[in-house]
Amino acid sequence: MKIFIHIFVLITLFFVSCTTKIIEVDDATKKICRDKNYNGIYEINLVRLCSDGPNEWGTVKMNVNNCILSVDDLYGAHLYFESDNLDRWKSLTGKIDKQGRISGSVYLKTAAGKEQYANLNFYGNINESYMKARHSLCSFTFNLNKKKGIESNTKNKIEIAQAIVLPIGVLGEISETKKIIIHNKFMEVVSNDFDLISQEEYERAEEEAFQELDYEECTEDQCIKMIQEILQVENMYKIQLVKDEDNIQVSLTYIDLDKKLVQTDFCEDCKTFDLINMINKLYLDLRKKR
């Protein structure tokens, strides 16, 4: 009899744990999400950082609707160490509170080459464009890049110029995670002024430029000009970080069809947050010169 009761309890707990938890937010929070334009589609770039260094872990598009997080569409999604289990992304749930703070979880594989899975309980702030989770001795960073606002179609239809943000150039040792955070945050800032060309479009144009130009012609300036012509885009931005011991020089370059403008700054022992603020200031300075 005791064995039967024990088995019954285990089965009950199993079904309770597998029941989808309904997440609700109040009307005041929903209004804040609409007013602050939190709702929309965000691209997640998940990076796992352990003692062996950072690893790209996966990508997916996440919906934020009335401050509730979900994954519905797996088109273009990846899980690099469990490519046959993309449906695991649909376990992602969460919400945003009145202060923009994110909390939620997703059930994913946590180790490469091992059958280890766990609920990654993430947290963050929607205004900082990333979420964090920890499991065992590893950290997981969910970098967010807003691709589309749900309410964007209600805005006046004004033609917005397009721009390209090139991958960050680095000299010295700067972590991949830091590069991704800086790049995503800069993309968010530039997207307030421009319609951004996707990374996929840029990579296709870059490959086409490499094929069309002879080896002798393929200087950086010539390649950039060719890419601009292929994409029919005038505006291009490039960040370069140069690290020497604890010092980092930041260079932001703006390139159009007629000119190249460069702004630089320098910091000692600066955090990621400091670099983001510095780059934003350089961007505003360049905007005044254009």
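The values are calculated or read from the model by the stated rules, or taken from the named source; none is laboratory data. Keep in mind the model is a prediction, meaning the values are calculated, not measured. We place every Cβ from the backbone using ideal geometry, glycine too, and count neighbours over all the protein chains shown.
Taking region 56-69 as the range and being surrounded by fewer than 16 Cβ atoms within 10 Å (Cβ to Cβ) and closer than 19 Å to residue 143 by Cβ as the test, only 56 passes. Within region 158-188, being in a strand (DSSP E or B) and surrounded by 19 or more Cβ atoms within 10 Å (Cβ to Cβ) holds for 163, 164, 165. Note on region 232-275: residues that are under 19 Å from the mean Cα position of the chain (by Cα), within 22 Å of residue 198 (Cβ to Cβ) and of a type in the set (A, V, I, L, M) total 1. In summary, residue 175 fulfils each of the numbered conditions (1) touching a Lys or Arg at 6+ places or on another chain (Cβ under 9 Å); (2) among the polar types (S, T, N, Q); (3) in contact (Cβ under 8 Å) with a residue 60 or more places away in the chain with the single exception of condition (1). Any chance region 205-213 includes a residue that's under 16 Å from residue 170 (Cα atoms) and not assigned by TED's automatic domain parsing to the domain that holds residue 147? No, region 205-213 contains no residue that is under 16 Å from residue 170 (Cα atoms) and not assigned by TED's automatic domain parsing to the domain that holds residue 147.
Note on region 234-290: enclosed strands (runs of 3 or more DSSP E) holding 2 or more residues that are free of Cβ contacts under 8 Å to residues at least 40 places away in the same chain and under 15 Å from residue 224 (Cα atoms) are 247-255, 260-268.
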